[in-house]
Every structure is written in C-alpha cells, then in structure tokens.
C-alpha cells in the first residue's frame, strides 16, 4: 500500500483560497487533482453556507445551500461567520479485501471550513473532498463548550441541478428500495410517481411525489452523467432527495425515527458524506470509487477469513411457489416456546428438509459450488411477517424434518459449507437479544456466513428500515459478526454506502428489487441496466441471478404469473455486470441440469477481481463489462441490453499482448427474444488475442457472457 | 408445601351457577371460600360482559363493563354470546423464598367463562378468582382459528365505585410514580390534580386530570377499605385508572408505546390480573396476599443464592449534594470510547473513590453490614441524563480514582460484598447489548446483586417507562440476571405486581417517591403512611430509610433546602413498616457515628420474616407492624404517624406464652417534633411477655421501633 498524506495548509497546488476576514463573506475554491472539477464554497451575505460545483469550467451543481435544522438548538442554516479554511491533499492507494479491482487510488484535494454562529458560539465545520471523478462533503461538529446534543429536524443540503436532466430514479421511501426504476426528465417525476409505487411490499412508506432515493443517476442534455449518493452512513439516518421542480433543486430528506426525529447526534461527530460523481461518460460513473474512498479504512485486523464465494440455495423453490418455508399449515399462528412442531401435520411442501438439502448438496458438490444457502430450516415460518410480531424466530431450532447434524455431516463430506439464514422480520430487539447465541451456534456448527433479512415493518414499532436506530442495528450485527468471523449478507437492510471498505465482512446487501421480483410482479428488461448506475454505487448487491427456467414452471404457479424478462444468456451476463463478491446460482438443480452447457459459465466465472473495464455503458440501455480475475489470468465479459436488440462491438486490447486465449462465448441465439424465445442460446469457442475485436448480437433483453482463458492454462 | 387442587367443574360449595343457554344472557356467581365476597358475572342484553362484586351482601363494585378494543380486529366489548362457565376451587399453601411471612395460603374459588362473538367467531374468556380478601380477573384468549394478533387500542375494564370514597392517589403518568400522595374524595381529584404534578422529574408524562395510578387504596363512607391494582404484569402495558366523576367509575387506561398502541398480544395469551382487595379494616389491605397469589409459582429452580440483606452505600452523599457521581467538570458532554478520563482534571467531589469506598467498608464491616452499594464508580456520569443519549454507560469501566480491584480485595478482607450499580438512563438497547458482558463482569468480580436505574425518558425514543416494550425489558433483565445468579433492585422501572413470586431474584424496586426526595423537594409526613397501602401492595420498595442527619447538612447545601420531615425514630420504624427483603442504611457513616445508640436498631433489625402482624393501621395517618424474624425468635415492631402526634397502644399477646423477652424501645423524646426537634429520642429497655401491653407516644411525624429478644437468647 502506498500512502502519501500532504497536510500542507498552505498547499496551493490545485487549491485556490480567497479568504476575507470580514466575517461576512468568504470564498474558497478547491479543484480536483486533474483540475477538471472545481468546488467553490461561500458564505452568503446572511451567513448561509453555500457551494457550487463546476466541471471543466461549467457548473454541474449550481449554488446550493448547506446546513441543518434542529429541534433543540438553533438552526445551522444561516448566521454563520467565517473562522478559517484548511486545505490539504491526499493520495493513497489501498488494497480492498475484495472488490472490482485489487488496488484503489484515493486521491483528492480537500477544503475544511470552520464556521461560527456568533449569537450562540456554535461551531460547524464542513469538509469537502474533491476527486477527479467527483466530490464529497460532510458536516463536522467538533467538541465545543456550547454545543453537545443535536436533535435533527432536517438536513438542508441542497443539490441544485443546472437543467431538466434525465433521471433514473425510484421513489423515496423510508422502508423499501424494492422498486422498478423510472427513466424520465426531472420535471416529469411527479406525474410518473403514483404508477411506480409498490404498495404490495411488506413494508413501504413512500415519502412524497418528488422525493427519490439515492444513489440517483442523471444525464444532462450535454451528455454529462451525474450521480448523487452518500458514503459512510454510520449512526445517522438515510438520506433521500426531494426535488423542487421550479428550481430543479434537490434537498436532502432524512428518515425519521418513531418520534419523527430525523437524527440524533452528539459533538464531536461527523455526518455521512454527500457525494456527487461527475463523468463525461456513463462508464465513469461505474468506475468511480469515491464512495469506498470516503469510508474509513478496514477496521478488521485479520481479514484472512473473509472470502468471496459462489453459492446455490434452497430459496428459488419458495420464491417461485413450488415449496414453502413453513413446515405445517395446521396453525393460524405460531409462538416460540408454545407451538409443538412434533404434534402437527407436515404440509408436504417444506423445501428445507433433509432429503432435499442432500439433493442440493449433491448437485452443488458435483458442479464445484462450495456454499449452499438453506432458507426455512428453522421454526417460525408459519407466521413470520405482516403482524408486527416480535419474537418470530429463535435462529437455532430446526424443523423436525431438517436433521441439521445429518445435513451438516453430509455437506462436509461433500466439501460444501452451509450458509446460515436469519430472517428477523424486522424485529431488531429479538435479533439482538439472540445474536450471540445465534452466531455462536453458527461457529459451533461450522457456518461462516449468514444471509439476514428484514422483511416487514421494523420493530421497535414505528421505526423505519432506514432510520438511525435501524442503521445502527445493521452495523451492530456486522461488527458483532466480525467478532465471530462471520460474513453478513443483509437483505432489506439500508442501502450500502461503501461501509464494506471498513467492514469487509459485509459481503452483500439486497436493498433493491432483486431477481425474486421476476417471480412476483416481474422486473422490466432495463432493471439490471439501471441498478449498476444506482444501487450498486454504494456496494455490492446480492441480486441472485442465474434463473434458467425463464417461464418459472411449477405445479403451484398460476397461469399468467410473471416470468423472467430476460434471455437465458442475459442471466449469465449478470454474473459480470452485477458486481458482487458473493454470487448465487439461484435456480433449482433440475433446471440447471437441462442446460449444463450454459451452466458451465456460472461454474467458471470468478467472483473477485484484479481489474474491471467498463467497455460500453448507458444507463437503462446497455452495459458491457470485462473483468480479470484476482490471482489468475482469466477474463470474463458480460454484456446486456434492455428492451432493444443491439450489437456489442469491442476490442480485446486489454488482454496481455502476445498471449493466445480461448474465448467461450455464450450468446443469444439468432432467434432469441426475451418475450418469444428466451431459451435460444449459442455457445461458441474461438481463439482470441489482444488484437481481436468482437461483434456480438444481443436479442431484446438479451445478453452474452464470455470466458477468456489463456491457452497455456487450458491443460 | 401443601397443595390441594379441586378442579371440580360441578363444585357447588361456594359457587352458584345460573347458566342459561339462550346465548343472550348468562348469570354466574362465585363466592369467596368464607362466603363474604361474591362476584357476579353477566352478559348484558347486547352481549356486553359485566360484573359486580359484593361484600357481605352489599355491593363494593357496582355493575362494571369488561372488554378490550383493538385497532386490527373487532372490539371485544359487546356482541358476545355465552358458551360455557367452568368453576373450580383451589387451596394451596406455598413458601416464598423471602417475604413478610414464611408461608402463604392461596385459597380461592374461580369462575372461568367462555364467550364468543358469533359474527366473527372470536372467543374471549374471562377468569375470575375470588379470595376471602379480594378478587382478581383477567382476560384469556385461547388458541383459535379466527383470531391470532390483537393490537390493543384500549382495555375497557371498569371498576364502578358505590360512592364518593376517600382516595389515596397519585396522578396517572406513563413515566413516573415519584409523586406525593393526595388524600381526597374521588370527586375532588380533578381540582387537586395540577398541584400534585411533579414536572421537575427527569421523565414525566401525566395522563389526564382524573387518571390515577394503581395500587389505589380507597375508603368508603361505611369504613370499608378497597384497593385496586394488577398482578402478573408480564408482556403487557401497565394499567392506570381514569375516573368518570359522574358515575364514579374507573376505567383501565393502559400505557401506549411509541406508536400509541396500548398493547400487542397474540393468542393464546392472558392479560395481567385486575385485582380488588376488600377489607373491613385497613390492616386487611396490608395482610392481603392476592397480588402474590395471582402470580405464577417460582420459576427459578435453585433459589439458595437469593438472600435478603441490609446494606450501606455511597449514595446519599450525592443525593444530598455533598459529593458527585461525576469525576470531572471539564467536559460539557462525554462519549464512551472518546472521552479520555486520564487527561481531565478530577473535580475533587467524586464520591466513589478508592479511599472513600474503604472508609465505608470499614464502617460497614465494623457494624455488621455485609453489603455496600457504590454508585458513580463507572465512567459516564458527567453527562448521563436529560439528552436522550443512547450509549451512556458501558457498565464495566471504573473511573481513574476508583481502583476496583483494590476496593474489591479490601471489601473481601472485611467480609463486605459490593453491590453493583447499573444506571441505564432509560437506554434499554444500550443496556441489553451490554447485559451479558455487564453481568459476567459482576460474576467475575464477585458481585451478586445489582441496583439498576432508568432515569430519564426511555429509549427507544418515544416509548414509555410503563409500556409493554419497557416492561418486557425489565423482566428480560431479571430473568437473564437469574442465569447469572444475580439479584436485581430496579429503580424507576415499572411498579411491581407480585412478579417477585415467580422471579424472587427481583428483590427490590423503587417505582415510587423514595427517601431521596427528602433531599429534593421533600416528602410529606404522611408519605410513608400511604406507601404501604398503595405502592407496596405489588411488592417491596427500596425506600432507603435511615437518615439520621435530618437537617441534611453539608457545605454544598443551600439554606432553605428541604430536609427530612420525620423524627429520627420514625426513620428507625421504617425498617419494619416499609417491608423489603433488602434494606439500606442510607445515611453517611459519620452521621451514624453520632447516634450509635439509635443505629443499634438498624444493625439488629431483620429483613426476612416468619410472620407479620398489622397491629394498627390507617392510611396516611398511622401504622404499627410487628414482625417475627425468619429462622429466629426475635420480634421487631415499628410504629409511625403522620402529621398528628398520637399514642400507640397494643398488646404483645403474639409473643410466645411463658417466655420472657427484653424489649428495646426506640421512641420519640418527650419534646420531639419533626419540625422543631426531630433528633429528640429515647431508648429504653424493659422485660416483656405475651401479657404485656405497650403505650408509646409518637411525636408529629414521629415513630418508634422496638426489638424484642427472648431473654434466653441474650447471652
């Protein structure tokens, strides 16, 4: 690791400071290392902190206000005088435990302004970091005599847009991100809003008709791409963005707790970073690492136990309606410690039974998968969501038909490790009370990773998935898991904000509409073309791709139910385009058995990367990514398209020169179409070098996947 | 233990059933074993459950409605049809681990009615138990096909009074019971209400001008005494009583959670018992054991480690302003993990320092006290209440000037055991997260008991001290403590409801205005004459008597500050009249050293009893109790009076016949007066037998204490 810290307060390279000490006006400009981005900070005549951001001399964020309002102390939105500005530069290259690339450069110039409200002697600081690819700022409250506790009424950070950009957005919601993305002009958000609401979700609290979630990607009429998000969301509530359509200005909208309080902070403290990524091409949004860079370095000393993996699971059976998590239909509701599962009638549909688990283990083992998730193994599923029930699960008691010891022994004998499943039903107290026991149970039984879930309204009742209380809970579970050397993949938790840099045992989150919706209400063809530019900006998503049974056929499925809106090879491509250090092969063994030739790609594809190249990118339209595996010479390429068929054309000039590779290309068949013929695919092999160029046709909502292996390795 | 269960459904002794199966009307009467109390249950013509209670043929509770209202299912207040009534009798004598007597008889006749709402097939049952000294009822929801979860909007249990009784009451409040009692007619509650509010309390949420707390004692114009309370308040919110002044009817008022929900229950379940004690004399209210009897038997298998004790403490120093819990005045606020206590200036007033602890240990050891509470030993007190702060204490880190190991070793060498102190500041999540570590720390360091505290607004924010969430928390801490063989004395927790029968490691609660208020706003002379008839009905109170420095003199005390409103001997009497298995000698060693002759009573008095006799009793006026120690032959008598001087006259006919005893009488001096001459006391010894009669003068707010020891034992 190379670390250079230049804490030169007088540093002028890239930093221009115009400081006037009239206490009325202060102007400071800090520019990015390459000089393209310039952040200007000012105090308005009434002492309001304001900023603007320019790219190559043109504004990308117009003059925007900064500050917070409180219920217990004076608002910090105006009345400030300027105290001082410190500037510095930082340049470091660090090594993530896992990621899209093996080394990440963290290079920025910073401006750190100190402001004071003379009336009450409150001090607020604002820290700006300007990178070549974007900017982050946060509020800093140093220890001070006259200010300690702040109850936040609202954060008033603004992002004033320069025009009526195209936005790729989902509605602001305190409890869910499981929405379809809408692509429209900022000015059209309000009229599209109602149609997008997903009120069938187990827990949804939409905010307002112009409130959207981050990470929000936009495209200007000049073809510039912007992304607004946050980084290091720790002990603070999650931010949404509310648009003022007249001024095209977004204002931060935090998530309230059960009392309506937006946050509770105590000096000394910092808020999360508010980030703006700026790029002349969409690929630049994907290549930006500012979200990770604005997080603290890894706090886990020994990370040797944290390893990316691919996994299969007893899961899609239940999602698709073939099986159930529940063991019996006898009871209208069940109670831990009361319900006697040995006295009830098994429903015959319980998927997590010993025999079925062994069947999955056999298949996983045969095909080189070393991890298997089993959901529904533990009691409580008869009655687990929708009633604000507190003690839903105990996380340690298997159903009678699931012989845990037998399954574990069988898995071990087949070199398969089980992944624990902890659905919490959003009941944070129940989970925290049982957490040590549950994690110790995992350690005792050889589990090293857990998928956790937060379906339904949160408990404490009245609290929200994205409020400070719950954010604090998710991180508590992650840090405690680290004590037990357990990796966490938390579903329905708050959206990631790069915290995995600090706690790399947080190997996954859902926090968006995943593959499961293909079986619920359906996912539109552009969905996976939008997620990388939005949800994935904060961290990996456990999207669980790999559905081969695109018609979702089982005896319990009603005619006309949604089915997967992709071609089969688009499912393969997702293993490359949807970055995650854990990747599920989500379909059933019997469905993979029908297409073992295509399944080969899922077996081969890596999950940890030395480098990633964004070859073609346009949000909601197309995306082609090439990635080189970490610790090896293989490359994998995935390309996908949305509603429109297209040709993907790119050069392989990133391959090592002079080396011959065998490329295996999994592509849409000539008559493939996601609606009429999704299972039409072709697999071709060819020799390629760094001089090769490829031209691959993609069907409507189609895709392709390529594995590229040096010939020398193919022995 | 003698147990007789008569589960005779057709039992007619004491039970008369008039059952009509028209589904429109059902009348059932169950009478007490001695025939004095009769409970009649009916369904009104519109299917509303109603009851009334008579004593010796006269109504004491007029026809009153029963039922609950919900937000998610149909109200259960009417529309019921009668399904069946089961009757039975029960007679058992059980042995409490500690208590006012060594054996308790649990003898009642019961009526168990099953009701159904035909419209929705919901079944509700009501269970009545009628004892000789009172009655309890609760709602029972059996497992049933059409009803599982119930969100309670309000419980509608009524208690219709027969006249404008005298009430001994404190205002209904969701967060505190630390009020002065008011004695007035029911019809006058409203006009007295405002004056009683204690809004200086760190956390107070008064309910309404006619809402009062239980246990509520009343006196009828015929001289009958009534007490309304609840028993076995488990996983439910705490009940208050709201008076309709026109009908003189109380209706239950539950405590809402952060969403306003009054309770959340899932069938099968039971509510707490609602109790009415009825007695022709005030002593009968004190002698009633129905609150304990309506709780479940002890759930702790091995109770050998649960032992009553007397203790001293580093506590009154801080209460009286002489010392501080905090170690430094340097910081406006502190943060766990941030504040460095080794870098700050000690304030010089921190009481829990090593030297002072040793001084207390010396004194306690010299005078035979084997337990010492030390508050303020752990970091965080600079900034612990009033700001809804979450992570206030860690419960394991001593201040720099408190050498825990040294103090522990010194205590051990002097046969003194330290009592742990866990102030939580109402931050339940912080406490639960650290509970295992904190309890294990206690075990590792030889602590066997903890005083916990819940000062300030509760966290989760918006929740209340007495709501279901918090009640669940308190019991969680008690049951978890049992796993570590730890006894709990929880201050500011919910009022006790006899749960100590089931979990006898709950050795104390505060839940009322304790001795500390003598140093705050003052306690009126009748306060300790009211508590035994109200607060103590549910269980022992850690009142912390024994203040000898009645003028509360220290250099930091401002002139005109409140002082103790009793004579010195009244302080002694409280060790007998305020029952508790743990009793503190609350004053400072130097104050006891000035009155070692009087201190002798505190040294001698027992804390666990074979029997208790209520010799003279009138709420808010006078009280004389004689108690015989468990496992010995000594008797201790305490007598107290309120504002009026009086003579206490009683016979010692409860002493063993033919045995000579030496009585040591600690009484008010001839010129004693709580206002003008509180320190005037006399100590006399005399020989007494079962034929002796005593006549002792009590000064205004005075008292006396007597120890009676068989001469044979005095060698």
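An ellipsoid equivalent to the stretch B:92-251, defined through the eigenvalues of its Cα gyration tensor, has semi-axes of 29, 23, 18 Å when rounded to whole angstrom and sorted largest first. Can you compute the FRET efficiency between residue B:647 and residue B:479 using 1/(1 + (r/R0)^6), with r the Cβ-Cβ distance and R0 = 56 Å? Round to the nearest 0.05. Plugging the Cβ-Cβ distance into 1/(1 + (r/R0)^6) gives 0.75. If R0 equals 35 Å, the separation of the Cβ atoms of residue A:445 and residue B:299 corresponds to a calculated FRET efficiency of about 0.75. Counting Cα-Cα pairs of the stretch B:397-448 in 10 Å increments starting at 0 gives whole-percent bin shares of 22, 49, 25, 4. Taken residue by residue and averaged, Cβ atoms of other chains lying within 10 Å of the Cβ of A:430-436 number 2.
Per residue, the Cα convex hull of the stretch B:265-335 amounts to 324 Å³. Distances between equivalent label points of residue A:633 across the copies, with each point positioned 7 Å along Cα→Cβ, amount to 10.0 nm, shortest listed first.
Placing pseudo-labels 7 Å out from each Cα toward the beta carbon at residue A:34 and residue B:205 gives an inter-label distance of 5.5 nm. When the alpha-carbon atoms of the stretch A:31-117 are used, the pair Rg, Dmax equals 16.8, 48 angstrom.
Distance from the alpha carbon centroid of the stretch A:322-370 to that of the stretch B:30-79 works out to 47 angstrom. Beta bridges per DSSP, both residues in the protein assembly as shown: antiparallel share near 85 percent. Measuring spread by the Cα atoms of the stretch B:192-263 yields a radius of gyration and Dmax of 14.0, 44 Å. Taken over the alpha carbons of the stretch A:23-81 as equal point scatterers, the Debye sum produces base-10 log I(q)/I(0) values at 0.27 Å⁻¹ of -1.02. Shape summary of the stretch B:509-646, radius of gyration then Dmax from alpha carbon positions: 14.7, 47 Å. Bridges between two residues of chain A, per DSSP, are antiparallel at a rate of about 85%. Taking Rh as the Kirkwood radius computed over C-alpha pairs, what is the Stokes-Einstein D of the stretch A:290-385 at 25 °C in a medium of viscosity 0.890 mPa s, expressed in µm² per second? Roughly 151 µm²/s, to the nearest whole number.
Per residue of B:458-464, other chain Cβ atoms within 10 Å of the residue Cβ number 6 on average. The distance linking the stretch B:651-715 with the stretch B:176-248 is 36 Å (Cα centroid to Cα centroid, whole angstrom).
Take the Cα radius of gyration of the stretch B:447-540 and divide it by 2.2 N^0.38 Å, N being the number of residues; the result is 1.13.
Convex hull volume of the Cα atoms of the stretch B:507-570, normalised per residue: 94 Å³. Average 1/r across all pairs of distinct alpha carbons in the stretch A:646-689, invert it, and you get the Kirkwood radius: 12.4 Å. In terms of packing, defined here as the mean over residues of other Cβ atoms within 10 angstrom, the peptides A:525-536, A:395-406 line up highest first as A:525-536, A:395-406. A Förster radius of 60 Å, combined with the Cβ-Cβ distance separating residue A:414 from residue B:103, puts the computed FRET efficiency at roughly 0.45.
Across the stretch B:446-502, Cα-Cα pairs farther apart than 17 Å form 37% of the total. Between the stretch A:91-109 and the stretch B:555-582, the C-alpha centres lie 67 angstrom from each other.
In terms of packing, defined here as the mean over residues of other Cβ atoms within 10 angstrom, the peptides B:564-571, A:277-284, B:491-498, A:468-475 line up highest first as B:564-571, B:491-498, A:468-475, A:277-284. Counting from the shortest, the label point at residue B:196, 7 Å from Cα toward Cβ, is 5.6 nm from the same position in each remaining copy. Considering only the Cα atoms of the stretch A:622-715, their convex hull presents on average a projected area of 6.1 nm². Measuring nothing but how far apart in sequence close Cα pairs (under 8 Å, 6+ apart) lie, relative to its length, chain A scores a relative contact order of 11 percent.
Residue by residue along B:141-149, Cβ atoms of other protein chains within 10 Å of the local Cβ number 3 on average. Each Cα pair under 8 Å and six or more residues apart adds its separation to the average, and for the stretch A:274-396 the resulting relative contact order is 29 percent. Treating the stretch A:412-485 as a set of equal point scatterers at the Cα positions, no solvent, please give the Debye-formula log₁₀ I(q)/I(0) at q = 0.12 Å⁻¹. The Cα Debye sum returns log10 ratios of -0.35. Backbone N atoms of the stretch B:236-267 closer than 13 Å to the 7 Å Cα→Cβ label point of residue B:164 belong to residues B:245-248.
The shape of chain B can be summarised by an equivalent ellipsoid whose semi-axes, obtained from the alpha carbon gyration tensor, come to 42, 32, 23 Å from longest to shortest. Peptides B:175-187, A:197-209, B:502-514, A:692-704 ranked from most to least packed by the mean count of surrounding Cβ atoms within 10 Å: B:502-514, A:692-704, B:175-187, A:197-209. In the stretch A:365-426, Cα pairs under 8 Å separated by at least six residues give a relative contact order of 50 percent. Put simply, the Cα atoms of the protein assembly as shown extend 118, 82, 59 Å along their principal axes, the longest span coming first. Helical runs assigned H by DSSP (4 residues or longer) give chain A a calculated mean residue ellipticity at 222 nm of -4000 deg cm²/dmol, each run adding -39500 (n - 2.57) before division by the residue total.
Normalised Debye scattering of the stretch B:218-350 at q = 0.10 Å⁻¹ gives log10 I(q)/I(0) of -0.74, counting only Cα atoms as equal scatterers and leaving out solvent.
One way to sum up the overall shape of the stretch B:140-206 is the equivalent ellipsoid from its Cα gyration tensor, whose semi-axes run 33, 19, 8 Å, largest first. Its residues counted as N, the stretch B:54-167 yields a C-alpha radius of gyration over 2.2 N^0.38 Å of 1.30. Using a 7 Å projection from Cα along Cα-to-Cβ, the label point at residue A:321 is separated from the same position in the remaining copies by 7.4 nm, smallest value first. The mean of 1/r over all distinct Cα pairs in the stretch A:325-470, once inverted, gives the Kirkwood hydrodynamic radius of 16.0 Å.
Coordinate-derived values only; no laboratory data. Everything numeric in this text was worked out from a predicted model, so none of it was measured. For neighbour counting, all protein chains shown are included, and Cβ atoms are generated from backbone atoms with ideal geometry for every residue, glycine included.
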